[in-house]
Every structure is written in C-alpha cells, then in structure tokens.
Amino acid sequence: MIIQPKTRGFICITSHPEGCAKNVQNQIDYIKSKSPIDGAKNVLVIGASTGFGLASRITSAFGENASTIGVFFEKPPAEGRTASSGWYNTAAFEEQAHKAGLYAKSINGDAFSNEIKEQTAQLIKKDLGKIDLVIYSLASPVRTHPETGVRYKSTLKPIGNTYTNKTVDFHTGEVKEISIEACTEEDIVNTVTVMGGEDWQMWIDKLKKEGLLADNFKTVAYSYIGPKLTEPVYRKGTIGKAKDHLEATAFTITDALKDIKGKAFVSVNKALVTQSSSAIPVIPLYISLLYKVMKEKNLQEGCIEQIYRLFKERLYLGEIPVDSEGRIRIDDLEMRDDIQEKVAQLWEEATTESLPEIGDLEGYKDEFFNLFGFNFDGIDYEKDTNEMVSIPGLQ
Ligand code: NAI
Ligand code: NA
C-alpha cells in the first residue's frame, strides 16, 4: 500500500516500514562509527522497540556485540493497515543483527504481566543462560496490576495548584496558554503505580529467583529532571512522583542483589522527541527551544548519541560516576547553565509568530515524523510498499 502520515491528536497512526528501517540503520551506522564498548554480553531490554529502549538495544548489539532480547508492546500489521513503528523498527533491527551474526529475539506483549515475565525468563534460560544487563525503558499510560487485575492510569498533572503556562501545538505551530488542573491524591497513586519502580523490581526479582542474573549484573532505568520551567507539570507533578519512586527503587534493587554484586541505576536522560514526550503538555515547546539552542552550540544529541555516551562514558567505566542522589547523569549538556539561561529567555519571547525563528519547530516536527518512518530522504513515499512485515526473531 501507499503509506502516508495520518495524525490523530498528537500521535501518528500510520508508520512506514522502509522509513523505520532507515531510522534504525542510521542508528546502527552511528554506533558502528564509534569505538566499541567492552560491556555486557547478554542484554534484556524492556521497552526495546522505540525511543531510548531501541537505542539501548542497538548500542548493546552493534557497540558491544551483545545478544539481545527485546520486550515491547506493538501492533502487528494487518492487510491494509500498517503496524506501529516499534514493530517495523524491531523487524529492521533484527534483520541487521542476524546479518551481523548476532543473537536477537523479541517478545511482544504486556511487560507488566506475569505471563510475559515468565515467557522472557524461559527464553533467557533456554538461549542465553544468564544476562548481565537489563535496561528498563517502559513508557506507558496504563498498567494492569498482575496481582489484583486492577488497571491503573497515569496522569500528567501538577500537584497542589493549577498550572498555567505556554505550550505549542507542533502540528500547527500555534503557541497558546494552557491550564492544567491540580491532580487528586488518587492520580498520584495511580501514576506511581504505572510509571514508578514496582514493575522494574518485579522483573529483577523474577529473573533473580530463576537464577538468570550473572555476577556483577547491572540494571538501568531511565528518568528525567528538566528545568524549573516544566517542574510543576513534570518533576514536581504526578509523573515526577513516579520518577522519585523509580529512583528510590534503584537502591532497593541494589540491596537485593548484594550476593551477586549486582547494581541498579537510574540514568537521567535528556529531553527528546519520542512518542511519549510528545504527549506531555508544555514539553514540546521546551524541546523546540532546547533543540535550537543545543544545535547552535553543537551539543545536540538524539537517543542513540545519549545511550552510546551512557554505555561508553558511564556504565562501563571502572567507577560509575553518579550525582549526589546516586543517579547517572547524561542530561549534563541539557542542564548546563548557559543552555538553560538561553532557553528561559527564549521562553519569554515565544509566540506563534516568533517560534519558527527562535525555536526549532521544524526540527521538532521532522523528528516526530521520523519516529514513524516519515520525512526521510531517499524514500519514495508515493511508492507502493509492503506493510506486512514480520519480525524474524519474534517468539
Ligand atoms: P517510547 O514511547 O519511545 O518507548 C516506550 C517503550 O515501552 C516502547 O518500546 C513500547 O513498546 C514499550 N511499552 C509501553 N507499554 C508497554 C507494555 N505494557 N508492555 C511492554 N512494552 C511496553 O518512550 P521513551 O521516551 O523512550 O521513554 C522510555 C523511558 O525514558 C521512560 O521511562 C521515560 O520517562 C524516560 N525518559 C524519556 C525522556 C524523553 O524526553 N523522551 C527523557 C528522559 C527519560
Ligand atoms: Na523506549
């Protein structure tokens, strides 16, 4: 079929298999252009199909020659309907990994469930024996609790007071004010249940109980802090409470891994255009200003540059550098004073009229469509393409 972008609200409901393959290939090429990493040999990535998780899988495979198992929740294609982009990304990744002689298998299903944890444990046992690294990179608006069957929904709300600030509809370029009402106590509990550390801990407990974690095992989950500007809706909002919980869970997990000298870390990453961040109010305006400033200073990084740096310059150094809260920081460039001061100044100036000049709205849009395989040079989007792509190592 001929596949064009079709947006609904903030998401794109179509994706292009060749474009997704190109996105993956670009990331593989980047990793191959860098010096190899002496790191993990067997890696499990939970949330492996898009964003930071996909970049983690690519870095593990092509930067460390690791065998990888990827877990994700993606929609397969149907006749006349495209798959979700993470499906096509994974198909392309596995094809390249297998060509390079690397083990790569995937599991598509709800990572929060006991069934998917069990299936993953069995696959590790059968094929890999033990794993040295688990990357936890889930971003989900809902979680069905495996013990109670209760379905929790996360929210992106401020705590205490209504928050009013500017935001941009990046599809139209309109900058306008929005107000987000303060959350309820229940919203906090729900968001922590979905995006906090409980499920991460359940994964590690399960794998440890099954004897699948190697000595010196490491696990990393991803967090975000960001600037003062977005604090009410991010770090001091409902999602921030979940990130606090995730960060605290790293210490709980480390305690439980003492006998195998295992360690759990949270890595604080940079703000980037992903399917998840596009859905957060205010953040797209911040990102479009941030990109402009970081590109001007030649400091811009995407998911793959971030994760390469995480592995090469943090995770596999003898002593892992952490901040005063024990967190790995790869948001160091984003958080630099000169960058934040400039972004704060541009924030004041941002209007519908000025944003195309002072912000990187085009860059934002381009990256957003790239997530779904669109806007890539060298791909003919008028041409018929086969949507029925399968994932070679899907279990
Ligand atoms: P993303 O939306 O690109 O990736 C989410 C992944 O989770 C996908 O692989 C998806 O298939 C998987 N997933 C979602 N629900 C699932 C389920 N029930 N079962 C199995 N897999 C499921 O998101 P992104 O942005 O890469 O986020 C990953 C982590 O990085 C999150 O914890 C996020 O908070 C964090 N982060 C994101 C930043 C950003 O600016 N995008 C910045 C710093 C941290
Ligand atoms: Na991810």
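Every number here is computed from the coordinates shown, using simple stated rules; none is lab data. Only a predicted model underlies this, so the values are computations on that prediction, with no experimental measurement involved. All Cβ positions, even for glycine, are placed from backbone atoms using ideal geometry, and neighbour counts span all protein chains on display.
Structure data summary
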{"quantity": "In region 302-395, the GluC sites (Glu not before Pro) that fall in loop regions by DSSP, at most 16 other Cβ within 10 Å", "calculated": "Glu319, Glu325, Glu353, Glu382"}
{"quantity": "Helix runs (DSSP H) in the chain reaching 24 Å along axis by Cα, Kyte-Doolittle at least -1.0", "calculated": "238-256"}
{"quantity": "Amide H contacts of Lys218 (H built 1.01 Å from N, under 5 Å, at least 5 apart or other chain)", "calculated": "Leu133, Val134, Lys263"}
{"quantity": "Unit charges on C-beta of K, R, D, E only; dipole of the chain, Debye", "calculated": "1020"}
{"quantity": "Global geometry of region 47-123, whether rounded, prolate or oblate, following the gyration tensor of its Cα atoms and the 1.5 cut on a/c", "calculated": "oblate"}
{"quantity": "5 angstrom amide H check on Ile3, placed H, neighbours 5+ away", "calculated": "Thr385"}
{"quantity": "Dipole moment magnitude, nearest 20 debye, region 256-395 about Cα centre, only Lys, Arg, Asp, Glu C-beta charged", "calculated": "880"}
{"quantity": "Under-5 Å amide H pairs with Ile11, H placed in peptide plane, nonlocal only", "calculated": "none"}
{"quantity": "Most mobile listed residue (Pro146, Pro77, Pro17) in the chain, GNM with C-alpha springs under 10 Å", "calculated": "Pro146"}
{"quantity": "Residue-wise HN-Hα coupling along region 65-76, computed from phi with Karplus coefficients 6.51, -1.76, 1.60 (Hz; x: Gly, Pro)", "calculated": "6, 7, 6, 10, 10, x, 10, 6, 10, 10, 8, x"}
{"quantity": "GluC sites (Glu not before Pro) within region 1-98: DSSP coil, no more than 14 neighbouring Cβ in 10 Å", "calculated": "Glu79"}
{"quantity": "Efficiency of FRET from Cβ geometry, Ser390 and Thr162, R₀ 41 Å, rounded to 0.05", "calculated": "0.30"}
{"quantity": "DSSP bridge pairs, region 1-134: antiparallel proportion in percent, nearest 5", "calculated": "20"}
{"quantity": "Under the Karplus curve 6.51 cos²θ - 1.76 cosθ + 1.60, θ = phi - 60°, whole-Hz ³J(HN,Hα) for region 145-156, x wherever Gly or Pro sits", "calculated": "5, x, 8, 10, x, 6, 9, 9, 10, 8, 10, 10"}
{"quantity": "Of all DSSP beta bridges in the chain, antiparallel share, percent nearest 5", "calculated": "35"}
{"quantity": "HN-Hα J in Hz across region 377-387 - Karplus 6.51, -1.76, 1.60, θ = phi - 60°, x for Gly and Pro", "calculated": "5, x, 10, 8, 7, 8, 8, 5, 9, 7, 7"}
{"quantity": "Efficiency of FRET from Cβ geometry, Glu177 and Asp366, R₀ 35 Å, rounded to 0.05", "calculated": "0.85"}
{"quantity": "Within straight-line cross-link reach of Lys75, lysines at Cα separation under 24 Å, skipping those fewer than 8 residues along the same chain", "calculated": "Lys6, Lys22, Lys105, Lys117, Lys153, Lys365, Lys383"}
{"quantity": "Kirkwood Rh, angstrom, region 227-384 [1 / mean 1/r, Cα pairs]", "calculated": "17.7"}
{"quantity": "Average silhouette area of the chain, convex hull of alpha-carbon atoms, in square nanometres", "calculated": "18.9"}
{"quantity": "Those lysines that a straight Cα-Cα span of less than 19 Å connects to Lys342, excepting residues fewer than 8 apart in one chain", "calculated": "Lys166, Lys228, Lys270, Lys292, Lys295, Lys297"}
{"quantity": "Neighbour-limited loop hits for GluC sites (Glu not before Pro), region 165-225 (at most 13 other Cβ within 10 Å; DSSP other than H, G, I, E, B)", "calculated": "Glu181"}
